[in-house]
Amino acid sequence: MLSADQLEGFRAKLTAARATIADQLTHVVDDVSFGRDTEDTEEETDEVEEISNRLGMKVALQDQLSRVSAALDKIGAGTYGACERCVSPIDIEVLDVDPESTLCRNCKRGTRDASK
Ligand SMILES: [Zn+2]
């Protein structure tokens, strides 16, 4: 089990991560300017590419944001650090690398093998 200090550490880390992601999301959305007048077709192609890149980035950020929020919810609910599949505690080393981790090392490995 995680100590109260460790939990607080992860809470701080996740809260900071959530603020960073939310900020990045705002910029990704703001910077996309649809229907900008341009005579240059090459530039238009670049713009379309740019927009699709940004949309991909936006989806990735939203996904990350929901994972971070789910982890914070779990801290609040007192279930943080438990594997969602086998309910055994997730190693602190795993959480250090990926604080929004929902699976223990064994289950993660199992998922990877199954998807092969
Ligand atoms: Zn597990």
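Close Cβ contacts (under 6 Å, 6 or more residues apart or on different chains) running from residues in the range 85-106 that are among the small types (Gly, Ala, Ser) to residues that are surrounded by 14 or more Cβ atoms within 10 Å (Cβ to Cβ) comprise Ser88/Cys104; Ser101/Ile90; Ser101/Val94; Ser101/Leu95. Check whether at least one residue in the range 89-100 is within 16 Å of the ligand (Cβ to nearest atom) and within 10 Å of the chain's Cα centre (by Cα), and report yes or no. Yes, the range 89-100 contains a residue that is within 16 Å of the ligand (Cβ to nearest atom) and within 10 Å of the chain's Cα centre (by Cα). Val68 passes every criterion in (1) in a helix (DSSP H, G or I); (2) within 22 Å of Thr20 (Cβ to Cβ); (3) within 16 Å of the ligand (Cβ to nearest atom) apart from (3). At pLDDT below 90 and farther than 17 Å from Gly9 by Cα, is that true of Asp46? Yes, satisfied. With respect to (1) under 23 Å from Glu8 (Cβ atoms); (2) modelled with pLDDT under 95; (3) outside any helix (DSSP H, G or I), the lone exception for Lys116 is condition (1). Filtering the range 33-42 for residues that are part of a helix (DSSP H, G or I) and modelled with pLDDT under 95 leaves a non-empty set. Cβ-Cβ contacts under 6 Å between residues 6 or more apart (or on different chains), taken from a first residue in the range 15-26 that is in a helix (DSSP H, G or I) to a second residue that is crowded, with 16+ Cβ neighbours inside 10 Å, are listed as Ala17/Val68; Arg18/Val68; Ile21/Leu61; Ile21/Gln64; Ile21/Leu65; Gln24/Leu61; Leu25/Leu61.
The values are calculated or read from the model by the stated rules, or taken from the named source; none is laboratory data. Just so it is clear, the model here is predicted, and its values are computed rather than measured. Cβ coordinates were reconstructed from backbone atoms using ideal geometry, including for glycine residues, and neighbour counts include every protein chain displayed.
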